[in-house]
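Worksheet: the structure to be examined is printed underneath.
The values are calculated or read from the model by the stated rules, or taken from the named source; none is laboratory data. Fair warning: this is a prediction, and the values are worked out from it, not measured in the lab. All Cβ positions, even for glycine, are placed from backbone atoms using ideal geometry, and neighbour counts span all protein chains on display. In case anyone asks, the SASA skips ligands and DNA or RNA and just uses the protein heavy atoms, side chains included. Shrake-Rupley method; radii C 1.70, N 1.55, O 1.52, S 1.80 Å.
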Amino acid sequence: MPNNINNLNLSPFAREILNDAHQIASILRHEFIMPEHFMVAAANLCNFADESNRFGDKFEQIANEINQILAEHVPPTDDEIEPTMSSLMKKVMKSARKIIQQEGDVPVPATAIIIAILNTPECICNSVLARHITDKEIADVLSFIMSIDGKSLRGYDLADNDDFVSSSNKPSADWMKYIIDLNPLRGDNSKAIVGRQKEMSRLGQILCRCDKNNALIVGEPGVGKSAIVKGFVVKLEQFPSKIAQLPVYELSVTSILANAQYQGDIEQRIASTMNGIKQLGGGIIVIDDIHTLAGSKGDANGSRDLTGMLLPYLDDELLRFIGITTFEDATRYLESHTRFLRRFRRIDITEPSQQEAIEILNGVKRRYEKYHDIRIAPGVIERAVKLSKRFLSGRALPDSAIDIIDEAGAYRELNPLKGYKKQVIHNDLIDSIVAQLGNVETKIIDENDTTPLRNLRDNLCKSIFGQDEAIKQVVEAVLTARAGLTDDHKPQASLLFVGPTGVGKTEVARVLAEELGVKLHKFDMSEYSESYSVSKLIGSSPGYVGYEEGGRLTEAVRKNPHCVLLLDEIEKAHEKVYDSLLQVMDYASLTDSRGRKVDFSHAIIIMTSNSGAQFAKLAGIGFGSTVTTGDAMLTEVKKTFKPEFINRLSGIVVFNDMSRDMATLILDKKIAELNNRLAERNIAITLTAEAHEWLLNNGFSAKYGAREIERVITHNLKPLLVNEILFGKLAKKGIAEISLIDDKLALTIKK
């Protein structure tokens, strides 16, 4: 052999292969020893060493095909000459030395030379290897070649030495279980995503950089971060060759951490995985939920932090990383790791617009139709996007709209329509699914059904008596909001109810929520009279008890954003609570203690107050006074609340004092409600005129309002029924008459 070959520092097996390659080139009268000669010799020797036929006839087939290529494309020389290494083979040997440079001046193993050939696109034999050895098999093949190489780089037996996995670049099948191969996605247009071209282009630009060529993709849950990465892999061949030829793997952090008793176990797994990928020539590594590598104080072994372990690999020219996380997790776990973060270029993924989301869903529409064996009717995609944006405000597009389509398909599989050969999803099913997911009534989703709104005023007046003007103002505010004439960045209405106690302020809020089919969130503001009360509403600060539970107000609205929010007796709350409500009334949002924004744009905010009620009776006192009861109340309200609070209200609704006519209607309503409950036991009661008048005289109070009527019925009427219902003649059924005897109510069984 030529001296330039004899002088190479090679392992015994590598030198044996190179000797055979030299002999093959001599027999074929080729001027140069090329990588193809080396691969033919390696395949022949490996085939001979594969006693258990572990890899079938792969080595023999590889050798035969490469020999055929050499015969067809490399002409023999006329004279017999001593073959020397070609320039390409010298390049391969230099790359092989570079692969093991961290091991020091040690013999180059055959595996390093083969990996260098695989990493050299100019080598014709690579296409032959790709046809016979899959990406999943390559690690096993390389491990087999190294096992017959005899000795390790440091002179230890490769087959028996377990330490070699973590101390060298030996590829081992063990590390393969910690990664997920994403390469099958390449060119699979069925997995391509619609849109997001700008984000994918930016991702490719970062990966093509010389330094800091790692990307950190950050966005809210559901905006499509992982989908962008997979879509990028699908179109990877369209990018420059320096990244287009790189294999793509996803690092499974859960597998890395599973059953790891010690920190060293985790570090060893990461090291073996990174080195294994490098041994295969490098690649792009995707790490979903990359913030989990930073650990937290709640970990069993203290504060586990694996970001430092990745630092040397982030700077490795053979590896490129794509990290995926959310805004909240990036801030919470990664912000303090400046050395780690500065090696990444950040890409912020925003929620797509409704039109972009429609295009995305049209792109995946066929997939869900095929999976559920359904047909999605025209207009369904548009409605799903529109309703998800409106009623699933805590979730992001396009994930929220895709969930609606998927749920509808699953529902139609379980509840097929009769008479249809192909099951169809229509808008009415989408409305039903959104109502279920958004925890709202179907009647408020159907915009074409305006019956509840048309009859809203009449229905409120049937339950609330003597407050027609107040009800009119409330209904006008609600209808204006539902007509879309209010600011999109404000609550649907922010109303302050003022008036004496017991005149129906709280009842209006309750009946309004019932009629609209939304949730009623009631907060007694007397519980928030201290300065620290704000923490109850928005959540405790970090480090305090209850931090993880969130705030009462923010969590209630987050779970049910379409609601009537009743803040009862608002004047009893602390001033700091008012300051928090300013943001809600102005921008329809409130940031909780964990930094999450809660949307109040679908809420009707009603605050009640008795402020000024005690001065209402002073209105009109004095000669020629024109001050009305309402004016007197409003004057006192403006003294109680700050101007910035008053200015943000949609309106101040003044409730009238209790009159005898109102009390009569309320008494009749209470008796009717009592009869409805008794009807379940087949019991009915009637009142004589005297008994009715007695209840009205004792229950009517301008000072205490309707609550006094409730107390009179509870303490004077209901006790007469208890014994008879439980032990007497009304135990099964019957009709009873309530009369007045000696100025006391008496019960007579009629039937």
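Does region 81-96 contain any residue that is of a type outside the set (Lys, Arg), touching a Leu at 6+ places or on another chain (Cβ under 6 Å) and either modelled with pLDDT of 85 or more or on the phi > 0 side of the Ramachandran plot (or both)?
Among the residues of region 81-96, not one is of a type outside the set (Lys, Arg), touching a Leu at 6+ places or on another chain (Cβ under 6 Å) and either modelled with pLDDT of 85 or more or on the phi > 0 side of the Ramachandran plot (or both), which makes the answer no.
Among the residues of region 388-401, is any over 29 Å from residue 559 (Cα atoms) and either open to solvent by 40 Å² or more (accessible area, probe 1.4 Å) or under 23 Å from the mean Cα position of the chain (by Cα) (or both)?
no
Just give me the residues in region 231-263 being of a type in the set (Gly, Ala, Ser) and either within 18 Å of the chain's Cα centre (by Cα) or under 22 Å from residue 273 (Cα atoms) (or both), in sequence order.
Once the filter is applied, which keeps residues that are of a type in the set (Gly, Ala, Ser) and either within 18 Å of the chain's Cα centre (by Cα) or under 22 Å from residue 273 (Cα atoms) (or both), region 231-263 yields 244, 252, 255, 258, 260.
Yes or no: region 216-230 includes at least one residue that is over 23 Å from the mean Cα position of the chain (by Cα) and open to solvent by 20 Å² or more (accessible area, probe 1.4 Å).
No, every residue in region 216-230 fails to be over 23 Å from the mean Cα position of the chain (by Cα) and open to solvent by 20 Å² or more (accessible area, probe 1.4 Å).
Taking the residues in region 346-364 that are in contact with a strand residue (DSSP E or B) (Cβ under 6 Å, 6 or more places away or on another chain) and surrounded by fewer than 18 Cβ atoms within 10 Å (Cβ to Cβ) as candidates, determine which candidate is farthest from residue 210 (Cα to Cα).
Applying the filter and picking the extreme gives 348.
Of everything in region 451-510, what is hydroxyl-bearing (Ser, Thr, Tyr), surrounded by fewer than 16 Cβ atoms within 10 Å (Cβ to Cβ) and over 29 Å from residue 640 (Cα atoms)? Give them in sequence order.
Listed by number, the list holds a single entry, 451.
Consider residue 138 carefully, then state whether it is among the aliphatic types (A, V, I, L, M), in contact with a Gly (Cβ under 7 Å, 6 or more places away or on another chain) and assigned to a helix (DSSP H, G or I).
Spelling it out, it is not the case that residue 138 is among the aliphatic types (A, V, I, L, M), in contact with a Gly (Cβ under 7 Å, 6 or more places away or on another chain) and assigned to a helix (DSSP H, G or I).
Of everything in region 129-141 that's open to solvent by less than 20 Å² (accessible area, probe 1.4 Å) and under 18 Å from residue 246 (Cα atoms), which residue is modelled with the highest pLDDT?
Here the answer is 129.
Can you tell me which residue among 206, 179 is surrounded by 15 or more Cβ atoms within 10 Å (Cβ to Cβ) and either modelled with pLDDT of 90 or more or of a type in the set (D, E, K, R) (or both)?
Being surrounded by 15 or more Cβ atoms within 10 Å (Cβ to Cβ) and either modelled with pLDDT of 90 or more or of a type in the set (D, E, K, R) (or both) holds for just one of 206, 179, which is 206.
Quick check on my filter: what residues within region 301-340 are within 22 Å of residue 243 (Cα to Cα), open to solvent by less than 10 Å² (accessible area, probe 1.4 Å) and aromatic (Phe, Trp, Tyr)?
Selection gives 321 alone.
Of all the helices (runs of 4 or more DSSP H) wholly in region 644-751, which have at least 1 residues that are in contact with a strand residue (DSSP E or B) (Cβ under 8 Å, 6 or more places away or on another chain) and either modelled with pLDDT under 85 or open to solvent by 80 Å² or more (accessible area, probe 1.4 Å) (or both)?
Per the criteria, 689-699, 718-726.
Quick one: in region 85-125, which of the residues that are among the hydroxyl-bearing types (Ser, Thr, Tyr) and in contact with a helix residue (DSSP H, G or I) (Cβ under 9 Å, 6 or more places away or on another chain) is most open to solvent (accessible area, probe 1.4 Å)?
In this case the residue turns out to be 95.
Could you check, for region 241-258, whether at least one of its residues is without any contact (Cβ under 8 Å) to a residue 12 or more places away in the chain and not aliphatic (A, V, I, L, M)?
Among the residues of region 241-258, at least one is without any contact (Cβ under 8 Å) to a residue 12 or more places away in the chain and not aliphatic (A, V, I, L, M), which makes the answer yes.
Six or more apart or on different chains, Cβ under 6 Å: which pairs go from a residue in region 494-512 that's touching a residue at least 24 places away in the same chain (Cβ under 8 Å) to one that's open to solvent by less than 10 Å² (accessible area, probe 1.4 Å) and part of a helix (DSSP H, G or I)? Could you list them?
Filtered contacts from region 494-512: 494/585; 498/633; 498/637; 511/460.
Starting from region 76-96, keep only residues that are in contact (Cβ under 8 Å) with a residue 12 or more places away in the chain and within 16 Å of residue 7 (Cβ to Cβ), then list their pairs with residues that are aromatic (Phe, Trp, Tyr) and part of a helix (DSSP H, G or I) whose Cβ atoms are within a distance under 9 Å, requiring at least 6 positions of separation or different chains.
Listed by first residue and then by second, the contacts come to 89/38.
Just to be sure, is residue 41 over 52 Å from the mean Cα position of the chain (by Cα) and closer than 23 Å to residue 281 by Cα?
yes
Just checking, does region 73-84 include any residue being part of a helix (DSSP H, G or I) and either of a type in the set (A, V, I, L, M) or surrounded by 13 or more Cβ atoms within 10 Å (Cβ to Cβ) (or both)?
No, every residue in region 73-84 fails to be part of a helix (DSSP H, G or I) and either of a type in the set (A, V, I, L, M) or surrounded by 13 or more Cβ atoms within 10 Å (Cβ to Cβ) (or both).
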